[in-house]
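The values are calculated or read from the model by the stated rules, or taken from the named source; none is laboratory data. Keep in mind that what you see is a predicted model, and the values were worked out from it rather than measured. Counting neighbours? That spans all protein chains shown, and the Cβs are built from the backbone with ideal geometry, glycine included.
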Amino acid sequence: MLSNSSKYAVKAVLYLAIHSHKNKKIMAKDIAESINVPQAYLAKLLQELSREEIITSVKGPKGGFYLSDDNRNFSLMDVVNVIDGDKRLNSCVLSLEKCNAEKPCPLHNLISPSKSVFMESLQKKKIKYFSKQIEEGSAFLPL
């Protein structure tokens, strides 16, 4: 359901949520190495997220990326929407263009309820919720 780009962006944002703050900015190359994502590709994703103010960036010798308190109040759906828009999550699981509730594909009625719950959770739960789970050890992300 999530593109590789969105997965990379979510991992990067959660990495920043755990390891960064205003006085501790992190370079794209360090994030990329830590989460095992190609550096150039991640840099582009981080620029997009920064442009949309989902994350904060500072240029210069002491620059890098970090999450402010305001950034931590965005949802993971905000991250996904910046990277993929909402079309990816709303698209048919079989990639049929005309699949919808009135004309469902064979898997539509099976997937649709769980997809709705997933999307609602991504929208309601904030970045700080997920980072807290990781910090407390109730969720795992190799960081």
| said: Of everything in segment 119-129, what is at pLDDT below 95 and surrounded by 15 or more Cβ atoms within 10 Å (Cβ to Cβ)? Give them in sequence order. | reply: MET119, LEU122
| note | All-but-one check, LEU94 against (1) surrounded by 13 or more Cβ atoms within 10 Å (Cβ to Cβ); (2) in contact with a Leu (Cβ under 7 Å, 6 or more places away or on another chain), failing number (1)
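Let's see how each residue does on (1) in contact with a Gly (Cβ under 9 Å, 6 or more places away or on another chain); (2) among the hydroxyl-bearing types (Ser, Thr, Tyr); (3) touching a residue at least 60 places away in the same chain (Cβ under 8 Å); (4) surrounded by 14 or more Cβ atoms within 10 Å (Cβ to Cβ):
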position	(1), (2), (3), (4)
ALA43	no, no, no, yes
LEU46	no, no, no, yes
LEU49	no, no, no, yes
GLU52	no, no, no, yes
PRO61	no, no, no, no
SER68	no, yes, no, no
ARG72	no, no, no, yes
LEU76	no, no, yes, yes
| If you scan segment 1-19, which residues turn out to be surrounded by fewer than 19 Cβ atoms within 10 Å (Cβ to Cβ), more than 11 Å from the chain's Cα centre (by Cα) and part of a helix (DSSP H, G or I)? | ILE18, HIS19
